[in-house]
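Here's the structure we're looking at; comments come further down.
Derivation of every value follows stated rules applied to the coordinates shown; laboratory data play no part. Note that the structure is predicted; figures quoted are calculated from it, not measured. All Cβ positions, glycine included, derive from the backbone under ideal geometry; neighbour counts span all protein chains shown.
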Amino acid sequence: MLYLQILINGILLGGLYACIAVGFSLVWGVLNVINILHGSFIVLGAYLAFFAYTGLGVHPYLFAPIAALPLFILGYAVQLVVINKVIEAPVLVTMTATFGLTLLLDNLMLVAFQANFRKVSLSPPLGIIDLSDTFPALDLIVPVDRLASMLFALLFVGLLYLLLRRTAVGRAIVAVRMDRYAATLMGVNTEKVFAVTFALGAALAGAAGALLSPIFPISPLAGTAYLGKAFVICVLGGLGSVSGALVGGLVLGILESFGALFFGPEHSLTLSFTVLILFLLVRPNGIMGKRGFV
Amino acid sequence: MSLRNLRPVVSAVPGASHLRIAVLAAVSVLMAPGSMTCGYTAELPIRIGAPLPLTGALSPEGVKLQQGYELWKDTVNATGGIAVGTVKRPIEIVYYDYQSATPKAVQLAEKLATDDKVDFMFSPFGSGASKAASTVSERYGIPTLAPTASSSEVYDQGYKNLFGTFTSNDTLSEPMADIVKAKAPNAKRVAILARNDLYPLALGQEFEKSSKKRGLEVVYFEKYAINTLDHASALTEIKAAKPDWIIATGYINDMILIRKQMADLGIKAQIVTMINAPAYQEFIDATGPLADNVTSATWWHPAVRYESKDAFGSSAKYTEMFQKKFNALPDFTNATGSSVGVVLQMAIEQAGSVDRDKVRETLAKGGFDTFFGPLSFNSVGQAVSYVPPVFQIQKGKPVVIYPDVIKGGELQLGVR
């Protein structure tokens, strides 16, 4: 029963991880930009959700698509004003550019929101599903807010999948992801595709922040932890694919949960980074490999 | 703002021209009417170096400490400054942000000692950084007050210049264990989850000792890594171990997450003790009803009642003055920031000099009646002279449950 509970914990955590990573993976895969800003975008989304809930009473789950909108605009602007200028430069340059922007955004948030830790404390709380109530043999617990956050995250990921498969913009993104020069020859405006993709990545981060706001404490500098997870997930799952982020997130969640059980909670982070190094050595394209974006 | 305040800024500008320095000097003179009207510009200020984590993971604590320093400084400067013999000398605190990175704190302590040539120093935040930076003060013989170093390991190097206002970690675990033993006689099984970090881990180990000493069985003891985003596995194991008393140590973000995940897994226990977070209002705000009946211990609390011979007069007056300045109740981190100030001030005033050797001797003698509590230090420099209060969050408010003289209620059992 203990193992089953740990598995449930791992799957729920994995769902949250997938939601953290999918925007990061999209940007990295399509633009070849390692967007260090991603973690801070998530934090910004979480703050927006926090203030929407405490100030206006808007539930974070309803607010998630609304949080995505300002982040989309911010992402579009950042890409247009900064990233586009250095998009042709080696990956280290764009990484440094986004790193600089992260310092700026983090410190602006520090000034605006102060360093206090906050959290959306849902009232009434969503509570837990105790499976032993219905099946006395199953002593298992499922926290409803984690489950709901995970399901909403999956919904957003599903919408992204549809967008990439069914719309002209989406197909353009996939085309640029596969071969940007061929896409240019086919009449795709790559600059615009880059800007839209970056903005989409930011929007997903904003929505993720709102979904995570009832779960993790919010502070202006929490972004680094999310970014670290996003990195590992992308390498595990395979870069730049929706399914890769999903699989990577779930694998990391389950791995960390069982790692904490078998090796002690102090080693779960070590374990995930050890697996990261192993994957880089043995299977650098990740579990899902590197194919077309979807 | 005086020109001295600007010095680190000026020196940080590469290639700053003479013109720029002249302009800054002119501006600083123009901006200093406040200090002139106080009439102490004739006396040189007493300069204290304070490396603080104003940005980075520890920034909430860094800001709180700074508020404590500032309240003390402003209160004393409003009366003309610290009385050194027959003259009053204003206080000047030279701050540097070490960005929550301990090695940087040590570098900046070195800079404060050699470049800024401060008279005295306040340690950086926490046991680890205080210990690391204490080497610098020892090398240059600068008496240094540590506001937030409680682990006895900080004081085991035989240094003469370090004085800490926090009593050792076992003064938090021992009274708590006594209360559990007395009020919850059925509690037999203890689970401890400690952050793998100098102070929280040392504290966890003290709780383990205090529990075992009283015949309680420690059924779970694990460490979790710094920056852990998920405690579900550890808590699932704790739940399976069926403890009566759950103890978690760490900082506020860890405690918020652990408390939330305990509820996520339906964990119930007679007693839940968390240190440090519940002393902060932010913990109560962030966890809501989950904060109820969580116990904690801390070195100072607005409910304590000490009469003092320092710049504040009493704990109650301190609380009042803090509220007036910052529009919030002071917590123990704010208070300890002010406590190192008043102790240093009393030592200088008693010594009648800012001579480091004399001040060090006076500090070592102890016997300071402060709003933070009576302060005297043991032979290695750690405070040993007061009893830290134990408290419990009851209906969203912290209630002191120990010691008896300041107690506001009894321990309530049951956390769900």
For the protein assembly as shown, report the translational diffusion coefficient in µm²/s to the nearest whole number, using Stokes-Einstein at 20 °C, 1.002 mPa s, and a Kirkwood Rh over Cα pairs.
-> 79 µm²/s
Residues A:Val176, A:Val27, A:Val86 in order from fewest to most other beta-carbon atoms within 10 Å are A:Val86, A:Val176, A:Val27
Ordered by residue, what ³J(HN,Hα) values in Hz, to whole numbers, does region B:402-415 give under the Karplus form 6.51 cos²θ - 1.76 cosθ + 1.60, where θ = phi - 60° and Gly and Pro are x?
-> 6, x, 4, 4, 10, 5, x, x, 9, 4, 9, 8, x, 10
Round to the nearest 10 and give me the degree value, 0 to 90, for the angle of helix B:170-183's Cα axis relative to the longest principal axis of chain B.
-> 30 degrees
Which residue, chosen from B:Ala194, B:Ala232, B:Phe207, occupies the Cα position most advanced towards the positive end of the dipole of region B:193-242, where the dipole is computed from +1 (Lys, Arg) and -1 (Asp, Glu) charges on Cβ about the Cα centre?
-> B:Phe207
Provide, as a two-decimal number, the C-alpha radius of gyration of region B:232-335 over 2.2 N^0.38 Å, N being how many residues it has.
-> 1.29
Once normalised by the length of chain B, the mean sequence separation of its alpha carbon contacts under 8 Å that are 6 or more apart gives a contact order in percent of 16 percent
Scanning chain A for helices, which whole DSSP H stretches are 24 Å or more long along the axis (Cα) and average 1.0 or more by Kyte-Doolittle?
-> A:2-31, A:60-78, A:91-113, A:144-166, A:190-212, A:242-263
Among the lysines, which fall within straight-line cross-link reach of B:Lys239, defined as a Cα-Cα distance under 18 Å, with same-chain neighbours fewer than 8 residues apart omitted?
-> B:Lys188, B:Lys223, B:Lys260, B:Lys268
Report, in degrees rounded to the nearest 10, the 0 to 90 angle that the Cα long axis of helix B:18-30 makes with the longest principal axis of chain B.
-> 80 degrees
Using unit Cβ charges (K, R positive; D, E negative) and no other charged atoms, how large, in debye to the nearest 20, is the dipole of region B:207-259 about its Cα centre?
-> 260 debye
With the dipole of the protein assembly as shown worked out from charges on the C-beta (+1 for Lys and Arg, -1 for Asp and Glu) around the Cα centre, which of A:Phe99, A:Ala199, A:Phe63 lies farthest toward the positive end?
-> A:Ala199
Express as a percent, rounded to the nearest 5, the fraction of DSSP beta bridges in chain B (both residues included) that run antiparallel.
-> 35 percent
By count of other Cβ within 10 Å, fewest leading, how are A:His267, A:His38, A:His59 ordered?
-> A:His59, A:His267, A:His38
Positive-pole candidate from B:Trp299, B:Gly85, B:Gly250, dipole of the protein assembly as shown, charges at beta carbon | B:Gly250
If one computes the Cα centroid of region B:69-103 and of region A:158-200, what distance in Å separates the two points?
-> 59 Å
Over the protein assembly as shown, what is the percentage of antiparallel beta bridges among all DSSP beta bridges, to the nearest 5?
-> 40 percent
Proxy exposure order for A:Leu204, A:Leu69 (fewest C-beta within 10 Å first) is A:Leu69, A:Leu204
Which percent of Cα pairs goes in each bin when the distances of region B:325-403 are cut into 5 angstrom slices starting at zero?
-> 3, 14, 19, 21, 16, 11, 8, 5, 2, 1, 0
Any idea how far the Cα center of region B:348-416 sits from the one of region B:201-277, in Å?
-> 26 Å
The answer for the net charge of residues other than B:Ser134 whose Cβ lies under 13 angstrom from its Cβ, with Lys and Arg +1 and Asp and Glu -1, is -1
Return one number: the angle in degrees, 0 to 90 and rounded to the nearest 10, between the long axis of the Cα atoms of helix B:332-351 and the longest principal axis of the Cα atoms of chain B.
-> 50 degrees
Which log10 I(q)/I(0) values, to two decimals, does region A:140-215 give at q = 0.11, 0.12 Å⁻¹ under the Debye formula with one point per Cα?
-> -0.38, -0.44
Student exercise, the protein assembly as shown dipole from Lys, Arg, Asp, Glu Cβ charges, in Debye to nearest 20 | 980 debye
Tell me, what is a quarter of the convex hull surface for the C-alpha atoms of region B:73-203, in nm² with one decimal?
-> 11.4 nm²
